[in-house]
Amino acid sequence: MDSITELIPAGLMSKLRQMTLRSRYVSEGSMSGSHKSPFKGQSMEFADRRRYIKGDNLRDLDWKVYGRTERYYVRQFAEETSLRVNMLMDASASMGYASEGNITKYQYACRVAAAFGYVTTGQQDAIGTYVFGDKVRESIPARTGKPHFRLVLDRLSVQKPSGPTNTGACLHALAETISRRGLILIASDCFDDPDAVFNAIAHFRKRMHDVILLQILDPAELELPYKRVTAFVDMETGERLELDPVHARLAYKKELQNFIGTIRDHCAKMNVDYRLVSTAEPFDDFILQYLSERRRMSL
Amino acid sequence: MILLSPFLLPAFAALLLPVLLHLWQKRHVVSTPFSTLRFLKAVASRSRRSAKFQDLFLFLLRFLIIAALVAAACRPVLPKNIARWFGAKTQRTVALVVDRSLSMSLSTGSGNRLDAAKTMAETVMDSLSPGDQVMVLSVGRTVDPLVAQPTADHALARRAIQSIKPSQEPTRFEDAFREVRQALARAPVGTKEMYLFTDNQEAGWVFDRNAMFNDAWKTTEIHALVVCPDDLNPANATLGKLKSGVPYVTAGGVVRGSVAVYNFGNNVFRDVLTISCGAKDVGKRTVEVAPNSSQEVGFDFIAPTTLDGRWASCGVRLSGDNLPADDRVDFVLPIATGSRVLVVESGTGPDRTRSGFFVRKALEIGRDCEMKSIAPEALTTEPLDGFSAVFLAGISQIDDRSTVRLERYLESGGTVFVFPGDATDADGMNRIDWLPVRMGKLTDLPAGRQAVFAKVPDHPVFVNSWSAQNPFPALPQRRLVDLKPTRDARVLLTIADQPFLITAAHGAGQVFFLNASPDRSWGDFPLTASFLPLMKQVARLSGARGIGDTSFLVGDPVPAAGSLTNSGPLTLTLPDGSKKPVPKNAPQILDSIPSLGVYLLDSESEGTVHAFTARPDPDEGKPSPAPPAMLQDIPGLERVTGPAALQQWLGEQRGMTPLWPLLLLVALLLLVAEALFANAAAKQRSLGEAKHIATGRLNRRRAGQPFREAGLNPTETEAQ
């Protein structure tokens, strides 16, 4: 994963150039851009009127309102700013799981991050990356430019999934770190205490971030396709559990479905864009479809 | 509980199969890393419980299915005392009839059939309870009542069964059924059973079955069971009745004959037929008989130049097969020695003028015939016992006394040859009972030779002189008498549509009547070339003639032919060398021939006066049983084959409740339950496979592609 071409196929790259990534909410960028800002500023788009106060530029006076009401109002215009996309990558040991014939969840997450980064960089917005497990291991604040994008990819490729997970705490910490409103992409299998995860996501939402939660699971985790009595070894704790998956499959799926359903419900309540994706799904199809949906949502 | 097939008990080891499978499954646990156990832990206890229950239940069902099947295969039955609780009749009267006929000696590889029959009879004895009554018979040509009346002494019955020895008799069941019916009709109330241990040959059932199995049989309520030791069909060849082509044997003479060879096997039978005479093998002949057919095999040999006594003992034999006893047939031939002939002729003039001149001249040739000539009047006093033949040459009449004497002479085995003549009183002759013809008037024939036709070309009187290829020549006869043969007479030759040579048996003797005068008054027959051999052959035949039949089936009675037993004390030498006195004036020499071989009847004064042989019944060699259709119309008769079937039948007849149908039903129900449960479990499991967790998009597996264990092969899925 040293090169962008390894993460994003050439064919997909040309398609991604035509894509845009927008936040559903206003963002606080450091530079002018094409995204809505919470502030009023210089743009062509009329935003509001307010009473004239001393010191306002007289050029902004709305003379038509004065003619009707004999009161002084000034016209305000919406400020357009750049978007900050922060990608929070779960690199706990469970993200390193891959069933036969599939890539690991972390690799899949990296590909998604690369695609997001490519699109974001292409639209002159800033990207930042945070890698966490039981603690935040890597922090790359959001910046623009292709060199920064390459740096992000390099750092992501250096990281290997390992250690236990503490998603809730890490996200809380990151929510405190990322102060400016922007787009938050969380790529994780969410195999942690759901309440802690939801609290952390609520933290982000409280700070008015547009949050995308991408729950990446392996098909074997979704289907439990094993047919013989198997001793399952937990990749994070090393715990061992002997089980007949044939008999446990249906109950396992119900349990997993409930877990996913809980996440989905909470995300819906908090207006978080939640997606469940299997690593068996073709990456390019997923990313193109997702970005298309995002574009429709932001129109 | 009794197991009818206890030898299947080791099959219970099959119960270990599900256990071993269960253990084998347990041992093969693969270890694999997994992202998180949180969901697996949540379901582990539930699924483990459910799986344990399913496994245990299925294991139990399968265990029970195998156990039920194996138990059913062992064929358990409820014991008799349980049947008693339901008021079953428990008193049994059993008739055990063991076939001891020749065919029961057939070897089937693991012993002969009689031994197997005795073992099975012991099995029936084992099934009896104290107080049950049993009778034991053995049957061959006749019935041997070993335990004639039902008795509760089982030890006696067992000894009787063990005492049964194989015989060489044919199979006849009629008398056995009659005796059993009579005995069981007097038996006390209870079940009456008859077990006939036999190879069930068709010949045994050839009797009036409708008369035997009539209402009397039905009212006796006999459960009859034909028990066959096996249903094998081993190859066997048998020699049938032997036909001798010569009436007597002479030292160094040619003996011809034929014997029927029956092949009861399913393959072509090839063997060598060995012919023996006396103690020597005198010839061999290869034999090839098609499957399930017979062939008449001819043979000839030159008799040894040294023949002693009056009888030559000969035999033909095969090399032997599964039933060696029927591979040999003995036969005896009288040895032609000098004959002693009495010529009764009319006329008192010179030798040439007497009526028996040509007869005497013909018999004198060869010096093998001692001859005496008397006048008809002397016939009343002349002792006839010393003559082998009496020629009545054109005498006018026979007085009553001579008639009676000649009749006795005939009955004792003598030969009388009658020539009519011009002086013969036809009316007087017609009053004689033993003459084979009734005489009519004289008829003149056209001039020239008259063709003579042989009606019985193979009659011993023609042997060595004439045959179908060398017919009797035409004769220059001018006159003959109209003859009407009697009922028992046989016309041997005809001339001008009239009988010419007629013969008839009378007692043990033989009467010939020639429709020609002994002189030239009726024609020139005495001058022809055929007159002399005919006279000599009659003389030789009379000298070498046996008394009565010489071949019997084993088990047949042997009558005392003629006045054989009147003459004096006789001793019968049996084939095993033992001797048995024959009482004077006994109607039969033997009531029943005990075994195969040659029997010699010796007189103190004359040496061996008679010989006969016992041959096997060819039907005994047939190893296959009677067709089932033959026994269908017999009420209460069943048939089983083999010890196992007998055990089963006994189990059923002893009022025992067979449990194996119930066990089979249980196994079937368990099988259904197992199938339903396994199906439900599989359905539940398949539900787990079919129900997919919805992701952002339809993944390929949900689109219908097959699922591979532990994930998808990207190469394959891309290709698809």
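Please treat every number below as a calculation from the coordinates, not as lab data. Everything quoted here is computed from the prediction, not taken from an experiment. Here the Cβ is made from the backbone with ideal geometry for all residues, glycine too, and neighbour counts use every protein chain on show.
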## Note on the structure
What one gets for the range A:52-101 as the Kirkwood radius, inverse of mean 1/r over different Cα pairs in Å, is 16.3 Å
### Summary
Per residue, the convex hull enclosing the alpha carbons of the range B:497-630 has a volume in Å³ of 207 Å³
### Query
Lys/Arg Cβ at +1, Asp/Glu Cβ at -1, dipole of the protein assembly as shown taken about the Cα centre: which of B:S396, B:S127, A:T20 is farthest positive-ward?
A:T20
### Message
Quick check on the exposure proxy: order B:W434, B:W217 from fewest to most C-beta atoms within 10 angstrom.
### Response
B:W434, B:W217
## Note on the structure
Here P(r) for chain A, Cα-Cα distances in 5 Å bins, as whole percents, is 1, 5, 11, 14, 16, 14, 11, 8, 6, 4, 3, 2, 2, 1, 1, 0, 0, 0
### Summary
Measuring from the longest principal axis of the C-alpha atoms of chain B, the long axis of helix B:113-126 (C-alpha) lies at a number of degrees, nearest 10, equal to 50 degrees
### Message
Per-residue counts of other Cβ atoms within 10 Å, averaged by peptide: what ranking do you get for B:64-71, B:274-281, B:224-231, highest first?
### Response
B:224-231, B:64-71, B:274-281
### Message
If you split all Cα-Cα distances of the protein assembly as shown into 20 Å bins from zero, what percentages do you get per bin, shortest first?
### Response
10, 22, 16, 12, 11, 11, 10, 6, 2, 1, 0
### Query
Per the Kirkwood definition applied to all pairs of different Cα atoms, how many angstroms is the hydrodynamic radius of the range B:339-543?
16.8 Å
### Query
Once the Cα atoms of helix A:283-298 and of chain A are each reduced to a long axis, what angle between those two axes, in degrees from 0 to 90 to the nearest 10, is obtained?
30 degrees
### Calculated log₁₀ intensity ratio I(q)/I(0) where the Debye formula runs over C-alpha points of the range B:52-191, q = 0.14 Å⁻¹
-0.76
### Query
Tell me which aspartates and glutamates have Cα within less than 14 Å of B:K361's Cα, excluding those fewer than 8 residues away on the same chain?
B:E345, B:D351, B:E370, B:D519
### Task
Give me Rg over Rh for chain B, both radii from the alpha carbons and Rh done the Kirkwood way, two decimal places.
1.26
### Message
Report, in listed order, any pair from B:K484/B:K536; B:K441/B:K484; A:K160/A:K206; B:K118/B:K580; A:K135/A:K206 with a Cα-Cα distance greater than 20 Å.
### Response
B:K484/B:K536; A:K160/A:K206; B:K118/B:K580; A:K135/A:K206
### Message
Given the range A:114-226, report the % of alpha carbon pairs whose separation exceeds 19 Å.
### Response
50 percent
### Message
Skipping prolines and chain starts, which residues have an amide H placed within reach, meaning under 5 Å, of the one on B:G283, given they are 5 or more residues away or on another chain?
### Response
B:I275
#### Entry: Leading residue at positive end of dipole, the range A:168-266 (Cβ point charges), from A:G182, A:F259, A:H247
A:G182
### Query
Given the pairs B:K165/B:K280; B:K243/B:K284; B:K241/B:K284; B:K218/B:K622, which are separated by over 23 angstrom at their Cα positions?
B:K165/B:K280; B:K218/B:K622
### Query
If you plug each phi of the range B:272-279 into the Karplus form 6.51 cos²θ - 1.76 cosθ + 1.60 with θ = phi - 60°, what whole-Hz ³J(HN,Hα) values come out, in order, with x for Gly and Pro?
10, 8, 9, 10, 10, 9, x, 9
### Task
Towards the positive end of the charge dipole of the protein assembly as shown, with charges on Cβ (+1 Lys, Arg; -1 Asp, Glu), say which of A:S278, B:G204, B:A626 has the farthest Cα.
A:S278
### Task
Rounding to the nearest 20 debye, state how big the charge dipole of the protein assembly as shown is about its Cα centre with +1 on each Lys and Arg Cβ and -1 on each Asp and Glu Cβ.
6320 debye
### Message
Can you give me the long-range amide H partners of B:G394? Hydrogens built in the peptide plane at 1.01 Å from N, cutoff under 5 Å, separation of 5 or more residues or another chain.
### Response
B:F419
#### Entry: Relative contact order (percent, whole number), chain A, Cα cutoff 8 Å, 6+ residue spacing
20 percent
### Summary
Listed with the fewest Cβ neighbours within 10 Å leading, B:S163, B:S138, A:S23, B:S103 appear as B:S163, A:S23, B:S138, B:S103
### Query
Which whole number gives the average count of other chain Cβ atoms within 10 Å of the Cβ atoms across peptide B:41-50?
6
### Query
What is the helix-to-structure angle for A:105-122, meaning the angle in degrees between its Cα long axis and the longest Cα principal axis of chain A, kept from 0 to 90 and rounded to the nearest 10?
20 degrees
### Task
Sort out for me the Cα centre separation of the range B:389-417 from the range B:494-544, rounded to whole Å.
15 Å
### Message
As an exercise, find the ratio Rg/Rh for the range A:176-299 from alpha-carbon atoms, using the Kirkwood inverse-distance average for Rh.
### Response
1.03
### Summary
Expressed as a whole number, the average count of other chain Cβ atoms within 10 Å around the Cβ atoms of A:88-99 is 2
### Query
How large is the dipole of chain B about the Cα centre if only Lys and Arg carry +1 and Asp and Glu carry -1, each at its Cβ, rounded to the nearest 20 debye?
4400 debye
### Query
Just counting partner chain Cβ atoms within 10 Å, what average do the residues of peptide A:232-241 show around their Cβ?
5
### Query
About the Cα centre of the range B:4-70, what is the dipole size in debye to 20, counting +1 per Lys and Arg Cβ and -1 per Asp and Glu Cβ, all else neutral?
480 debye
### Summary
Ranked by GNM mean-square fluctuation in chain A (Cα springs under 10 Å), the top entry among A:K64, A:K253, A:K160 is A:K64
### Query
What FRET efficiency comes out for the pair B:T443/B:S592, r = Cβ-Cβ distance, R0 = 45 Å, nearest 0.05?
0.30
### Task
Please compute the net charge surrounding B:L363, taking Lys and Arg as +1 and Asp and Glu as -1 over other residues with Cβ under 13 Å from its Cβ.
+3
